[in-house]
Amino acid sequence: IGLKTAVLIACSAKMGALIAGASAQEADLLYKFGYDLGLAFQIADDWLDTYGDPAVFGKAIGGDILNNKKSWLMTRAFEKADEGCRKELYAAMKMPVGTEGEKQEKISKVKAIYDRLNVGEEAKASIVQLHEQAMGYVAGLNITPEAFALLKNYAKKLIGRTK
């Protein structure tokens, strides 16, 4: 999960810092900020794909499930699942998705497993925790209150999206 959006945002933050003349320590703090923020974004994106409102999200819900993507939710479900639950997940991943009914059945089965394992709620808690960690890194920077407010607003918008 960390090799997707997290490293992209982290690298961008660090490169911007270095180009602007920041110290190596400040650039490293901005990298950590970007990495945690990117993780939070990815988890939020995965959560929205499963639990979001399709009218707001702008696309059908469950695409990650239908495509057997190794989302944060799926990965966490496999981490938490006992052997029987893992078998249920593997069986659900093999379900056909040729018709709309088959698609909805697969999404429902996987979501039921996620709900049973509480991974949706864990995802929301992880988003908050990673956001707080990210903001902790930039709190250690020697920047103006206005610059801090801009970073805070950027972080909030990135993880608070609904589509």
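The values are calculated or read from the model by the stated rules, or taken from the named source; none is laboratory data. Just so you know, these numbers come straight off a predicted model, no measurement behind them. No Cβ is skipped: glycine too gets one built from the backbone with ideal geometry, and neighbour counts run over all protein chains shown. The accessibility values were calculated without ligands, DNA or RNA, using every heavy atom of the protein model including side chains. Shrake-Rupley method; radii C 1.70, N 1.55, O 1.52, S 1.80 Å.
Quick notes on this one:
- Just so you know, in region 54-65 the residues that are assigned to a helix (DSSP H, G or I) and open to solvent by less than 30 Å² (accessible area, probe 1.4 Å) include one that is farthest from LYS4 (Cα to Cα), and it is PHE57.
- Condition check for VAL128: over 20 Å from the mean Cα position of the chain (by Cα), of a type in the set (A, V, I, L, M) and open to solvent by 40 Å² or more (accessible area, probe 1.4 Å): no
- Qualifying residue in region 45-53 (condition: over 15 Å from the mean Cα position of the chain (by Cα), of a type in the set (Asp, Glu) and surrounded by 15 or more Cβ atoms within 10 Å (Cβ to Cβ)): no
- Restricting attention to region 20-41, the residues that are part of a helix (DSSP H, G or I) and open to solvent by 10 Å² or more (accessible area, probe 1.4 Å) add up to 12.
- Taken over region 67-98, the criterion of being open to solvent by 50 Å² or more (accessible area, probe 1.4 Å), more than 14 Å from ARG116 (Cα to Cα) and either of a type in the set (D, E, K, R) or under 23 Å from the mean Cα position of the chain (by Cα) (or both) is satisfied by ASN67, LYS69, LYS70, THR75, GLU83, LYS87, TYR90, LYS94.
- Here is the figure for region 126-157: residues that are closer than 11 Å to PHE33 by Cβ and modelled with pLDDT under 90 total 1.
- Condition check for VAL138: open to solvent by 60 Å² or more (accessible area, probe 1.4 Å), aliphatic (A, V, I, L, M) and in contact (Cβ under 8 Å) with a residue 40 or more places away in the chain: no
- Check on ALA147, open to solvent by less than 60 Å² (accessible area, probe 1.4 Å) and either aromatic (Phe, Trp, Tyr) or at negative phi (or both): yes
- Tally of residues being farther than 15 Å from TRP47 by Cα and not in a helix (DSSP H, G or I) across region 116-163: 5
Table: residues versus (1) closer than 26 Å to TYR35 by Cβ; (2) without any contact (Cβ under 8 Å) to a residue 12 or more places away in the chain; (3) loosely packed, with under 13 Cβ neighbours inside 10 Å; (4) more than 17 Å from the chain's Cα centre (by Cα).
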position	(1), (2), (3), (4)
GLU100	no, yes, yes, yes
LYS103	no, no, no, yes
VAL110	no, no, no, yes
GLY120	yes, no, no, no
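- Every test in (1) at pLDDT 95 or above; (2) part of a helix (DSSP H, G or I); (3) touching a helix residue (DSSP H, G or I) at 6+ places or on another chain (Cβ under 8 Å) is passed by ASN68 save one, and that test is (2).
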